[in-house]
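Working notes, structure below.
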Amino acid sequence: MNQQIESMLSNLFNGLSDTSQPIYAKVKKAITYKISIGEWEENQRIPSEAEMVKALGVSRMTVNRALRELTAEGLLIRQQGLGTFVAKKKAHSALFEVHNIADEIAARGHQHRAELLIIESGRASVEEAMMLGIRTNHDIFRSVVLHFENALPIQIEERVVNATLAPEYDQQDFTKRTSYEYLMQVAPMTEGEHLVEAVLPTSIECERLRIQAQEPCLQIKRRTWSGNDIVTAARLLYPGSRFQLFGHFGR
């Protein structure tokens, strides 16, 4: 084992959080952090499963799940016979404003309509807790709304919400006003982030958006804060043939 791998393993072990999360989630979170701060660089080979198992004192199944999920999320690339490497970051563009979709559609002179497909309360899973910066089993709301522009579906909005910050979220009629309007009222946005990428929709998403299989879609993953707290994390999916992003920047 070379010195670089030994150093990576030592830093990874020291980076494991002391929380009640499952061990695989701790390993996954620690690796994600090393990549996010640039300590583990693009195209760099990371320690093998066997090396992590020995250094971290965890099972091979634990390490395998963490690496498998990080690979599926695009943070790692696993090459047969060569090892696992830090993936190149996908190109992305910053979006500087968050708008109410109903207002955007109205500004184009068109009519907005929404169908509420799912709204429920529950306890945060590990993934949801990480998105919202809360503990697992914290109370949350989940919703799925289908937005229309005139007669055509234009957006699937999947959202998880911190129930402490928006306690009456599941009592709202989102066919009459959008989640954006309600959340801006009860927990005004002070900060936000977007991740934009092209994706292929599932069969259910194709049916909801009334598009052909394999038509590319534009996906926006958005988190918004009110003060120091993350209020909501949303996944917005648009048919590529019906939506485009536009920005204007000053000199």
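Once C-alpha pairs closer than 8 Å and six or more residues apart are averaged by separation and normalised to the residue number of segment 101-242, the relative contact order reads 23 percent.
Here r is the Cβ-Cβ distance between residue 195 and residue 39 and R0 is 30 Å; the resulting FRET efficiency, rounded to 0.05, is 0.90.
Which of the chymotrypsin sites (Phe, Trp or Tyr not before Pro) across segment 35-127 are loop residues per DSSP, with 11 or fewer other Cβ within 10 Å? Within segment 35-127, the qualifying chymotrypsin sites (Phe, Trp or Tyr not before Pro) (loop, at most 11 other Cβ atoms within 10 Å) are 96. Taking one quarter of the surface of the C-alpha convex hull of segment 101-242 gives a mean projected area of 8.4 nm². In a reduced charge model with +1 at each Lys and Arg Cβ and -1 at each Asp and Glu Cβ, segment 135-251 shows a dipole moment near 220 debye about its Cα centre. Across segment 3-86, counting alpha-carbon atoms alone, Rg and Dmax equal 11.6, 35 Å. Shape analysis of segment 28-153 based on the Cα gyration tensor places the equivalent ellipsoid semi-axes at 39, 20, 13 Å, largest first. Dividing the radius of gyration of the alpha carbons in the chain by their Kirkwood radius gives 1.01 for Rg/Rh. With contacts taken as Cα pairs under 8 Å and at least 6 residues apart, the chain reaches a relative contact order of 14 percent.
Per-residue ellipticity at 222 nm from helix content only, as computed over the chain with -39500 (n - 2.57) for each DSSP H run of at least four residues, stands at -8500 deg cm²/dmol.
Multiplying the sequence separation of residue 19 and residue 64 by 0.36 nm and subtracting their Cα-Cα distance, what value in nm do you get?
Details: separation 45, 0.36 × 45 = 16.20 nm, distance 2.03 nm.
Extending this stretch completely gives an extra 14.2 nm.
Measure nothing fancy, just the Cα-based angle from helix 23-36's long axis to the longest principal axis of the chain, in degrees from 0 to 90, nearest 10. Its long axis makes an angle of about 80 degrees. Compared with the dominant Cα axis of the chain, that is its longest principal axis, helix 3-14 is turned about 60°. Selection among 140, 155, 40 by position relative to the dipole of the chain gives 40 as farthest towards the positive end (Cβ unit charges, Cα centre).
I'd like to compare 44-55, 180-191: which one has the highest average count of other Cβ atoms within 10 Å, and what's the full order after that?
Details: 44-55: 17.1, 180-191: 15.6.
Sorting 44-55, 180-191 by mean packing, highest first, produces 44-55, 180-191.
Between residue 48 and residue 126, residue separation times 0.36 nm minus the direct Cα-Cα distance comes to 25.6 nm.
Computed from the coordinates by the stated procedures, all read-outs in this text should not be read as laboratory data. These numbers were taken from a predicted model, which means no experiment stands behind them. We place every Cβ from the backbone using ideal geometry, glycine too, and count neighbours over all the protein chains shown.
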